[in-house]
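Step one of this worksheet: look at the structure below.
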Ligand SMILES: [Zn+2]
């Protein structure tokens, strides 16, 4: 494990939240730790670059980068943002975005405000993924619970179950499985012309046959 050398380095200050009491404070972008002014808890702000096996817990308001040779098996990882290019076997909770640019099984629990499955990624999520928004540019299978928008880009493939406020399948994208739309309006009403006003309707749509494996 090494400290990041500036993948997302920012000179600006950040507003961060205490893990224990949720008190917010402003910290310098260069700081690697701070103390909560309310409860005196230590707050890690450092970035972690995982280049080999790593199994200790991480709780940071900084970023986590698992490189192609990295193997992150900690049972608990909390961070601000994450890039996964190697193996991820434990649970990961990101306040911001998780970018997944790897292939294989993802057995842990993932939650984030946004998850992006990159173009060359091909992943199987074994546990429910909790997000606000999800963007699929590669291929994935699993179950997504989103309180916002799930977008399947051109050439993106999603097989599984989606419960979301809305879903947007771009031309050339494929969704096959179960779709549960609730608490919101559909982005692409034309996909489901009779369901635009329906809440929490459970429906199955097969927009296109799954693409052959490449
Ligand atoms: Zn605190």
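The values are calculated or read from the model by the stated rules, or taken from the named source; none is laboratory data. Predicted, not measured: the structure shown is a model, and the values here were computed from it. With ideal geometry, Cβ positions are generated from the backbone for all residues, glycine too; neighbour counts draw on all protein chains shown.
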### Message
Among (1) more than 16 Å from the ligand (Cβ to nearest atom); (2) within 21 Å of residue 143 (Cα to Cα); (3) in a strand (DSSP E or B), there is one condition residue 64 misses while meeting the rest; what is its number?
### Response
(2)
### Message
Six or more apart or on different chains, Cβ atoms under 6 Å: show the pairs whose first residue is in region 40-54 and touching a residue at least 60 places away in the same chain (Cβ under 8 Å) and whose second is within 16 Å of the ligand (Cβ to nearest atom) and assigned to a loop (DSSP other than H, G, I, E, B).
### Response
none
### Query
So is residue 122 within 12 Å of the chain's Cα centre (by Cα) and within 25 Å of residue 171 (Cα to Cα) or not?
no
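Here is a yes/no grid of residues against (1) within 16 Å of the ligand (Cβ to nearest atom); (2) in contact with a strand residue (DSSP E or B) (Cβ under 9 Å, 6 or more places away or on another chain); (3) at pLDDT below 95; (4) outside any strand (DSSP E or B):
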position: 12; (1), (2), (3), (4): no, no, yes, yes
position: 15; (1), (2), (3), (4): yes, yes, yes, no
position: 21; (1), (2), (3), (4): yes, no, no, yes
position: 25; (1), (2), (3), (4): yes, yes, no, no
position: 34; (1), (2), (3), (4): yes, yes, no, no
position: 37; (1), (2), (3), (4): yes, yes, no, yes
position: 40; (1), (2), (3), (4): yes, no, no, yes
position: 43; (1), (2), (3), (4): yes, yes, no, no
position: 49; (1), (2), (3), (4): no, yes, no, no
### Query
So, in region 100-115, of the ones that are surrounded by 22 or more Cβ atoms within 10 Å (Cβ to Cβ) and farther than 13 Å from residue 88 by Cα, which residue ends up nearest to the chain's Cα centre (by Cα)?
115
### Unique residue being at pLDDT below 95 and part of a strand (DSSP E or B) when the list is 159, 202, 143
202
### Summary
Cβ pairs under 6 Å, 6+ apart or interchain, first in region 156-180 and at positive phi, second in a loop (DSSP other than H, G, I, E, B), ordered by first then second residue, are 172/154; 172/155
